[in-house]
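The values are calculated or read from the model by the stated rules, or taken from the named source; none is laboratory data. What you see is a predicted model; the values in this text were computed from it and never measured. Glycine also receives a Cβ, built like all others from the backbone with ideal geometry; neighbour counts cover every protein chain displayed. For accessibility, only protein heavy atoms count, side chains too; no ligands or nucleic acids. Shrake-Rupley method; radii C 1.70, N 1.55, O 1.52, S 1.80 Å.
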Amino acid sequence: MEAKIILEPFDRILSGYEKVEELAVNIADCSTIAHKYARFGVEGYRLGNYTGIGYLNRYLECAIDRVPMLIYQKNYLIPLLFKNAETSFQLFNDAYRMEAFFLLLEWSLKHQPEKILIEQDPTVTSSKKKIIDSAYLVFRLTEILDSGGYPISHFQTIEQFIDWNRIYRLIDNGGVGRHSKVFDPEFPENIEELRMIVSLVSLKYPETDLQIPE
């Protein structure tokens with residue numbers, strides 16, 4: 001039986017003084033994780049510090065000291081630091097969820113890197129590697145798998161998804177105005193994002209059969 005990954009309390013620093021407790025992977029488990037997900041581009045792990053703005057602190061600056069990080073595709077670091085929530089435990093407890101995490105990461109770096117990279121303070125950050133906003137990725141993964149997964153797994157046509165998406169906005173191209181389309185099937189990035197979402201949903205619901213036209 002595969003050993004369970006341990007998440008333990010971790011203090012992050014706000015405004016230089018205040019401490020807030022989140023969850024981090026036990027450093028003893030990092031080698032196991034790095035080896036298991038090497039096929040997705042993980043090349044190892046390290047302890048690291050950074051100061052930046054990300055989802056973990058509602059997009060306010062916070063300082064992180066000695067947090068376990070995965071080294072990803074040479075140029076990126078993935079902090080194994082997450083909000084103190086059930087979804088953080090699910091990331092390691094549900095076999096399909098970490099695979100979905102890396103597929104979402106790969107797609108996001110290609111299409112929407114500005115959404116998943118932590119904005120770092122260059123005056124206090126010496127590392128040349130970019131920091132992945134892993135807490136945001138877990139949030140987005142939860143939106144896709146747990147909020148959208150079940151209904152999407154039952155859709156047969158893209159029109160069904162479009163009708164549902166008008167209300168739930170799982171994909172939102174940012175259009176404004178009375179006649180704007182939240183999801184535009186003529187917009188290639190919207191279609192690519194839907195394909196990615198369906199591939200993730202299929203990991204949780206193998207019966208998913210939503211047909212997306214080329």
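Please go through region 79-115 and give me each residue that is crowded, with 17+ Cβ neighbours inside 10 Å and among the aromatic types (Phe, Trp, Tyr), ordered by number.
Across region 79-115, the qualifying residues are Phe82, Phe92, Phe101, Phe102, Trp107.
Sort out which residues of region 35-59 are among the hydrophobic types (A, V, I, L, M, F, W, C) and surrounded by fewer than 18 Cβ atoms within 10 Å (Cβ to Cβ), and write them in order of number.
Restricting attention to region 35-59, the residues satisfying the condition of being among the hydrophobic types (A, V, I, L, M, F, W, C) are 38, 40, 42, 47, 53, 56.
Hits for region 35-59 are Ala38, Phe40, Leu47, Ile53.
Anything in region 41-82 that is farther than 20 Å from Glu8 by Cβ and outside any strand (DSSP E or B)? List them, or say none.
Listed by number, the residues that qualify are Gly41, Gly54, Tyr55, Arg58, Tyr59, Leu60, Gln73, Lys74, Asn75.
Just name the residue that is modelled with the lowest pLDDT out of those in region 162-214 that are touching a Phe, Trp or Tyr at 6+ places or on another chain (Cβ under 8 Å) and among the aromatic types (Phe, Trp, Tyr).
Only one residue tops the list, namely Phe183.
For region 117-124, does any single residue satisfy the condition of being without any contact (Cβ under 8 Å) to a residue 40 or more places away in the chain and not in a loop (DSSP other than H, G, I, E, B)?
Checked region 117-124: at least one residue is without any contact (Cβ under 8 Å) to a residue 40 or more places away in the chain and not in a loop (DSSP other than H, G, I, E, B).
Of everything in region 68-78 that's closer than 17 Å to Leu105 by Cα and not hydroxyl-bearing (Ser, Thr, Tyr), which residue is most open to solvent (accessible area, probe 1.4 Å)?
Lys74
Name the one entry in Ile131, Ile116 that is of a type in the set (Val, Ile, Thr) and under 10 Å from the mean Cα position of the chain (by Cα).
The unique qualifying residue is Ile116.
Yes or no: Glu143 in a helix (DSSP H, G or I) and either under 26 Å from Met69 (Cα atoms) or open to solvent by 90 Å² or more (accessible area, probe 1.4 Å) (or both)?
It is true that Glu143 is in a helix (DSSP H, G or I) and either under 26 Å from Met69 (Cα atoms) or open to solvent by 90 Å² or more (accessible area, probe 1.4 Å) (or both).
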